[in-house]
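The values are calculated or read from the model by the stated rules, or taken from the named source; none is laboratory data. Every value quoted in this text rests on a predicted model; they were computed, and no experiment measured them. A quick note on method: Cβ atoms are made from the backbone with ideal geometry, for glycine too, and the neighbour counts reach across all protein chains shown.
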Amino acid sequence: MRTLQSQGRRARGIDIEASAYTSAVGSITDEAFVRDQLRDVTAVIHCATLHKPHVETHGAREFVETNITGTLILLEQSVRAGVRSFIYTSTTSAFGSALSPPAGEPAAWVTESTTPIPRNIYGVTKAAAESVCEMVHRRDGLPVLVLRTARFFPEPDDDPAIRSSYSLANVQVNELLYRRADIADVVDAHLLAVEHAPDIGFGRYIISATTPFSPDDLLELRHAMPEVVRRYVPDAEALFAERGWRLFAGIDRVYVNELARRELGWRPTYDFAYAISRLRAGYDHRSELARTIGAKGYHTAQPASGAYSYRK
């Protein structure tokens, strides 16, 4: 909404909470509300969801109601309204257990052809909603593109071991190698998807920073990632050391964005090489949009784990 408004484009934001970027307050599970808001709308970007952080604060039925039923309502009302482009913001969490091969196996090379194995209600409902999107496209002809976004949230990692061993910036720059995207690039991907959906019809795309790695690196990446990074970005380790940072010892997956770059014409800017160049010059590695937005929070009170921020 920030980007669309800054470009002077007509956009209507709906949310369950009021904000400077919310045109109307309401829920996607309210069919009458959705029908009213979709009048004269030609494209829908569907980001509304219960997220992974809500697993500890919301029940499974709430996830089903919002993530599956709400998505179906939006889809069906979009068909009724004559929407020409529907973009569904999904998640790489839908891949679930497929992201973590057994110990001793190479890291997973994750593409759109990787079979999802969801491991919690968040992943289950996001994957199911993707199938609902495909069903409505096949049944009604609504152009729908699914964007499986990698991490772009600004909060600390939900793994206590990671939080206690690495600084936040250290973790997130490491993740740009294989499992993170900057929100500015994510926004660009969505706007390109709106443009291309009518011609594509239906598609799924991984939205993550471009990795420097190749399939030939996967076995070594599992247990000796610094060795691989030295080959691609020789000065990264020394630059990290100046800040008291470390490269991860090993990783279990690599997200591949090739299809989105090829079919959507997406050119993500904020990858690991960009971050290194910014750090070398003494600047913040994040986009201006990421710095402006900051952390918005997921909860009305601090959850028990303390892993994710809450709205104050």
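Going by what's in this entry, would Thr66 be described as surrounded by 14 or more Cβ atoms within 10 Å (Cβ to Cβ), touching a Cys at 6+ places or on another chain (Cβ under 8 Å) and either at pLDDT 95 or above or not basic (Lys, Arg) (or both)?
Here the answer is no, as Thr66 does not meet what is asked.
Of the residues Tyr122, Tyr88, only one is touching a Cys at 6+ places or on another chain (Cβ under 8 Å), surrounded by 21 or more Cβ atoms within 10 Å (Cβ to Cβ), closer than 18 Å to Ile206 by Cα and of a type in the set (Ser, Thr, Tyr); which? Lay out the reasoning, then the answer.
On the way: Tyr122 fails: touching a Cys at 6+ places or on another chain (Cβ under 8 Å).
Residue meeting the stated conditions: Tyr88.
In region 20-39, the condition of being at pLDDT below 95 and of a type in the set (A, V, I, L, M, F, W, C) is met by at least one residue.
Conditions (1) assigned to a helix (DSSP H, G or I); (2) not hydroxyl-bearing (Ser, Thr, Tyr), marked per residue:
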position	(1), (2)
Thr29	no, no
Asp36	yes, yes
Asp40	no, yes
Val44	no, yes
His54	yes, yes
Thr66	yes, no
Thr69	yes, no
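Specify the residue that is farthest from Ala189 (Cα to Cα); the eligible residues are those in region 63-120 that are more than 18 Å from the chain's Cα centre (by Cα) and of a type in the set (Asp, Glu). Of everything passing the filter in region 63-120, Glu105 is farthest from Ala189 (Cα to Cα).
In region 52-79, the residues that are more than 26 Å from Arg35 (Cβ to Cβ) and without any contact (Cβ under 8 Å) to a residue 24 or more places away in the chain form Cβ pairs under 9 Å with partners that are part of a helix (DSSP H, G or I) and not charged (D, E, K, R), at six or more places apart or across chains, as follows: Gly59/Ile121.
Any idea how many residues of region 197-236 are in a helix (DSSP H, G or I), exposed (fewer than 15 other Cβ atoms within 10 Å of the Cβ) and in contact with a Pro (Cβ under 7 Å, 6 or more places away or on another chain)? Residues that pass the stated criteria total 2.
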